[in-house]
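Right, one structure below, let's go through it.
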Amino acid sequence: MRIKDLPKIDRPREKLAIYAFAVLIILGIGIWIGRSGTDQSITEKTQQTADIASNIGDNVVNENKENNLDSSKNDEGQPIESPAINSTRSVKIARVLDGDTIEIEGGERVRYLGINAPESGQPFSTEATRENERLVAGRVVNLEFDVQTQDRYGRLLAYIWVGNMLVNEEIIKNGYAVSETIQPNVKYQDLILKAQEEARTACRGLWAGLCSQKPESSCIEIVNINADAPGNDNENKNGEWIEIKNTCSQAISMKSWLLKDSSASNKYEFSDFTLEGLKSVIIYSGCGANTQNKLYWQCPEGQYAVWNNTGDHAFLYDASDNLITEYQY
């Protein structure tokens with residue numbers, strides 16, 4: 001079983017660890033230098049290095065205070081309490097961060113449940129952000145919570161209501177995000193999946209590429225994903241793979257095409273690769289020697305495998321950022 005999405009490193013604490021390591025080095029150098037002198041010089045030099053270490057520690061403490069790094073408090077320094085399961089809360093939108101994330105007054109961030117909008121730099125990310133702004137910017141909205149009310153980054157997880165409109169559903173329906181069901185938060189799963197099918201059928205937003213393909217592009221399909229490698233996926237990355245097939249007889253160049261999962265962290269860009277007619281290519285999640293029918297996602301290998309065992313969504317874009325094919329499991 002792979003653990004793909006572990007909590008991100010707390011940067012302030014990471015910085016503190018680096019400072020602590022630097023302190024140890026400074027102390028060691030001070031003592032080593034001191035050995036060449038008298039006992040008195042050893043004492044003096046050790047004291048000097050101790051003073052340096054103290055100053056570093058004070059700087060870290062002061063920096064943490066200045067940046068209000070206590071994640072249990074909001075911008076005003078007031079304690080943040082986790083919302084109750086299935087509760088609601090009326091809030092004012094301070095700013096829209098992207099297609100599925102907002103910041104509310106007080107500094108808390110809210111991640112929309114049930115959907116996943118393109119991240120910065122990905123096709124349709126700008127359009128998704130603008131759509132979210134159109135729907136909620138500057139408004140007072142109601143947050144509705146499900147079973148899990150916060151994620152591992154401390155963000156609130158919620159459905160957003162503007163009057164009788166479920167914003168999560170509306171963004172999906174207009175084609176600016178895809179469904180992302182994360183158990184146990186499934187309260188509006190059926191509504192969101194229905195909205196996605198409507199957007200896909202109508203070729204709205206990010207689905208438009210499926211309706212305006214060049215004839216040769218329609219030949220390329222994602223036909224299978226083997227997400228669960230034998231054993232620990234992170235230690236057996238090549239045990240998971242995705243298969244892409246050319247269903248037509250002519251060869252098709254996939255140079256600069258982009259393959260990605262539902263997150264922004266896993267992306268594979270094809271180099272000067274051509275998929276022969278009526279052939280398939282397997283893209284393994286680890287590292288190896290590329291051939292005409294085998295490609296490798298991570299060389300050198302990253303820490304984690306690519307595909308979530310519990311469900312994921314693959315997207316393949318051509319060199320002009322048109323969506324060519326997608327596969328959800």
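Read-outs: derived from the displayed coordinates by stated rules, not from any lab. Note that the coordinates shown come from a computational prediction; the quantities given were computed from them, not determined experimentally. Note that each Cβ is placed from the backbone with ideal geometry, even for glycine, and that neighbours are counted across all protein chains shown.
Results, tabulated for the structure shown:
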quantity: Neighbour-count order for Glu169, Glu269, fewest beta carbons within 10 angstrom listed first; calculated: Glu269, Glu169
quantity: Amide H partners (placed H, <5 Å) of Asp100, local residues excluded; calculated: Ala117
quantity: Nonlocal amide H pairs with Ser285, under 5 Å, H built at 1.01 Å; calculated: Glu240, Trp297
quantity: Hz values of 3J(HN,Hα) by residue in segment 132-146 - Karplus curve (6.51, -1.76, 1.60), Gly and Pro given as x; calculated: 5, 4, 4, 7, 10, 3, x, 8, 8, 10, 9, 8, 10, 9, 10
quantity: Phi to ³J(HN,Hα) by Karplus 6.51 cos²θ - 1.76 cosθ + 1.60 over segment 217-228, Hz, x for Gly, Pro; calculated: 5, 5, 7, 8, 9, 7, 10, 6, 9, 9, 8, 9
quantity: Which of Ser285, Ser212 has the fewest Cβ neighbours within 10 Å, and the rest in rising order; calculated: Ser212, Ser285
quantity: Distance between segment 156-175 and segment 268-325 - C-alpha centres, whole angstrom; calculated: 32
quantity: Residues whose placed amide H lies under 5 Å from that of Asn224, excluding near-sequence neighbours; calculated: Glu243
quantity: Sorted by Cβ neighbour density within 10 Å, fewest at the top, the residues Cys299, Cys248; calculated: Cys299, Cys248
